[in-house]
Amino acid sequence: MMIPADWQMWLTLAVAGGLLLSLAMRLAATDLLALAALAILVLAQNLTGTDKLPSPTQAAAGFGNKGLVTIGLLFAIVSGLELTGGTELATGWLLGGVKGLRSALLRILIPVAALSGFLNNTPVVAALLPVIHDVSKRIGASPSRLLLPLSYTAILGGMCTLMGTSTNLIVRDLYMKNHVGENTLGFFTPAIVGIPATILGLVYMVFASRWLLPERKPAVSVSDDPQKYTVEMQVDPTGPLVGRTIQQAGLRALPGLYVAEIQRADGRIEPAKPQQRIYGEDILILVGALESVVDLRKIRGLTTPDGQSRKLEVPAWQRTLIEAVVSPRCSLIGKTIREGKFRSNYNAAVVAVARGGQRLMGKLGDVRIEPGDVLLLEASPSFLHQQRGSSDFYLVSRVEHGEVRRHEKATVSLLITAAMVVVAALGVMEILTSAMLAAVAMITFRCCTTGEARRSVDWSVLIIVGAAIGIGEAMYQSGAADAIASGLLQLAGNSPLRILAAVYIATVICTELVTNSAAAVIMFQIAWSAADTMNIDPTPLIVCVMIGASASFLTPFGYQTNTMVYSVGGYQLKDYLIFGFPLSLLVFAITMIMLSTWYGIGWSA
């Protein structure tokens, strides 16, 4: 049997098609499927020695891509912003006067669009999820009215710069590798489409969300947690909460948590009402679920009473929250937390106590410890190792996202991020260089630790992108990209504008079925081959791929931020279709109009 000369092309098309199908059917984890597809192509090259498929060295080159490294660094930078409360500091001042849904959308979406233009939008959305829950409670609306607009706005904002989304960074790096000449992709090149699309998209969402997004209940609510912690927080006399009411301070906005009473500095105890004002040195007694207690500690202007945490022999950047269940053999049983000198004996501060679903009366320090009590502690991670073999506690575990916030570093983290953006935007240095320096600065100034920065990186995203670059290289080397481009040219009748539309639609379909990064890399090679065949400037087609790869508004699976808000907002698939389809048409129309006008693309060749 004779093997066809172009078997490499057919194999690559089969592998790429199989990858798209398996990703669409959710057969396995996306990073595993992408690696498996790349492995098949590398194995075929090894067995045959052909030069039309990527060698192991060429396949591995994708994982050393500059854009890929930059994405990883941006995760670490946003970690510094999140752990210092820098994101809340940058956006919180806008939310003070929120009165209704439209007001909330305007005050949230505008800064999100601006932030997403300069930071990877996935961690930006993650950092703002608690803010959305706060605001939705404040205006008496379901988070579903705000979460999907948040995701779509982050996507639109990311279209405006090369740094705004991982796809733009990857496509720009591929463009620089393939393009020879004076023309290059500038920092704001995608803004030709991104800025008008963002402005008109925001107008659409602000006016349409009330009618097209229903009130949904989240699939899982922290208020369903039967275990209630009693926690004390003291109002910092120099903080931003002094003089505000409980409602204005956002203390009624955390789900499953309420303020039970206020203990004034002069000893008076007052019931907590929404319009009750709080002042410096006030001690707030709150009752709520674990997740809300963790979120409570992110609020600027609240500290632990009597400075118990500050007296620990461990700096804030080395502390975390730990849950520990009191054993019947604990030496402190029957004693109050204060009498047992808990902090001195264990080098840990008791932040909250849970005893089933009941509320514990009095001050936290006066609570008598009983077997089975669950203590929420602020301590060094070494506490875990020291007490796991101890008879005093059992079920000692670290709380997820329980890192202690360093609010005093919030301004530092914002300055580092702003410097990175300005330096990269002005072309003073490469985006990779500025991101690398910013990540080092975040760790050096203790905005985050090395371990926290490392944990913040979404490795599955990096693996998918690295593997997709290798598959895209196979599409180019085997001639598969040229074949698809030729097919597009025949369908479009050699019209540059029709080619532009075909590339955009094909990219959007790939993005919705698989992931934006994989779609961008594969479609880049097709768009490049189409431009080469027609002998036209590839830049508008490449920008079209950037926009199309980000324009995922129809499903929860095409873009990571859409997936993040899916269960949190209690959404159904039809919500994405109903709310996202008009936005998809709007962005498509703007892309065609702006690129054809800017680059002088007509209907005929």
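The values are calculated or read from the model by the stated rules, or taken from the named source; none is laboratory data. All values derive from a computational prediction rather than experimental measurement. So basically every Cβ, Gly included, is an ideal-geometry build from the backbone, and we count neighbours across all protein chains shown. When the accessible area is computed, the model is the full protein with side chains, heavy atoms only, and any ligands, DNA or RNA have been set aside. Shrake-Rupley method; radii C 1.70, N 1.55, O 1.52, S 1.80 Å.
Structure notes:
- Residue match in segment 472-488 (condition: open to solvent by 10 Å² or more (accessible area, probe 1.4 Å), closer than 30 Å to G201 by Cα and free of Cβ contacts under 8 Å to residues at least 60 places away in the same chain): yes
- Residue in segment 438-460 that is open to solvent by 30 Å² or more (accessible area, probe 1.4 Å), within 18 Å of A16 (Cα to Cα) and of a type outside the set (F, W, Y) present: no
- Screening A453 against (1) out of contact with any Phe, Trp or Tyr (no Cβ under 6 Å at 6 or more places or on another chain); (2) more than 16 Å from I71 (Cα to Cα) leaves a single unmet condition, (2).
- Boolean, T303 is open to solvent by less than 20 Å² (accessible area, probe 1.4 Å), among the β-branched types (V, I, T), at pLDDT 75 or above and closer than 16 Å to A349 by Cα: no
To keep it simple, each residue is scored yes or no on (1) at pLDDT below 85; (2) open to solvent by 50 Å² or more (accessible area, probe 1.4 Å); (3) of a type in the set (G, A, S); (4) under 30 Å from V428 (Cβ atoms).
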site: P190; (1), (2), (3), (4): no, no, no, yes
site: M205; (1), (2), (3), (4): no, no, no, no
site: R216; (1), (2), (3), (4): yes, no, no, no
site: P226; (1), (2), (3), (4): yes, yes, no, no
site: L241; (1), (2), (3), (4): yes, no, no, no
site: T245; (1), (2), (3), (4): yes, no, no, no
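- Residues of segment 7-55 classified as open to solvent by 60 Å² or more (accessible area, probe 1.4 Å) and either over 33 Å from the mean Cα position of the chain (by Cα) or not basic (K, R) (or both), total: 15
- I333 meets the conditions (1) open to solvent by 50 Å² or more (accessible area, probe 1.4 Å); (2) more than 26 Å from H385 (Cβ to Cβ) in every case but one. The failed one is (2).
- Condition met for M163 (free of Cβ contacts under 8 Å to residues at least 60 places away in the same chain and farther than 24 Å from S596 by Cβ): no
- Filter pass, T230 being of a type outside the set (A, V, I, L, M, F, W, C) and touching an Asp or Glu at 6+ places or on another chain (Cβ under 6 Å): no
- Test: V503 is closer than 29 Å to L11 by Cα, in contact (Cβ under 8 Å) with a residue 60 or more places away in the chain and buried (at least 23 other Cβ atoms within 10 Å of the Cβ): no
- Residues that are more than 26 Å from L119 (Cβ to Cβ) and at pLDDT 80 or above number at least 1 in the following helices (runs of 4 or more DSSP H) confined to segment 24-106: 30-48, 56-61.
- Condition met for L395 (open to solvent by 60 Å² or more (accessible area, probe 1.4 Å), among the hydrophobic types (A, V, I, L, M, F, W, C) and touching a strand residue (DSSP E or B) at 6+ places or on another chain (Cβ under 8 Å)): yes
- Single residue of segment 139-154 satisfying the filter (in a helix (DSSP H, G or I) and open to solvent by 20 Å² or more (accessible area, probe 1.4 Å)) that is farthest from L128 (Cα to Cα): I139
- Whichever residue in segment 459-511 is charged (D, E, K, R) and at pLDDT 75 or above and, among such residues, is farthest from the chain's Cα centre (by Cα): R498
- In the set (1) among the hydroxyl-bearing types (S, T, Y); (2) farther than 30 Å from T84 by Cα; (3) modelled with pLDDT of 80 or more, the condition left unmet by T444 is number (2).
- Scanning segment 346-375 for residues that are in contact (Cβ under 8 Å) with a residue 12 or more places away in the chain, open to solvent by 20 Å² or more (accessible area, probe 1.4 Å) and assigned to a loop (DSSP other than H, G, I, E, B) gives N347, G356, G357, R359, K363, E370, P371, G372.
- In segment 412-431, the residues that are touching a residue at least 24 places away in the same chain (Cβ under 8 Å) and surrounded by fewer than 18 Cβ atoms within 10 Å (Cβ to Cβ): G427, E430
- R210 fulfils the conditions (1) modelled with pLDDT of 75 or more; (2) open to solvent by 30 Å² or more (accessible area, probe 1.4 Å); (3) part of a loop (DSSP other than H, G, I, E, B); (4) in contact with a Lys or Arg (Cβ under 8 Å, 6 or more places away or on another chain) except for a single criterion, (3).
- Neighbours by Cβ (under 7 Å, 6+ apart or cross-chain): first from segment 322-345, in contact (Cβ under 8 Å) with a residue 12 or more places away in the chain and over 21 Å from E232 (Cβ atoms); second of a type in the set (G, A, S) and in a loop (DSSP other than H, G, I, E, B): S327/S391; R329/S391
- Among the residues of segment 523-556, those identified as open to solvent by 20 Å² or more (accessible area, probe 1.4 Å) and either within 23 Å of T12 (Cβ to Cβ) or in contact with a Cys (Cβ under 6 Å, 6 or more places away or on another chain) (or both) are W528, D532, T533, M534.
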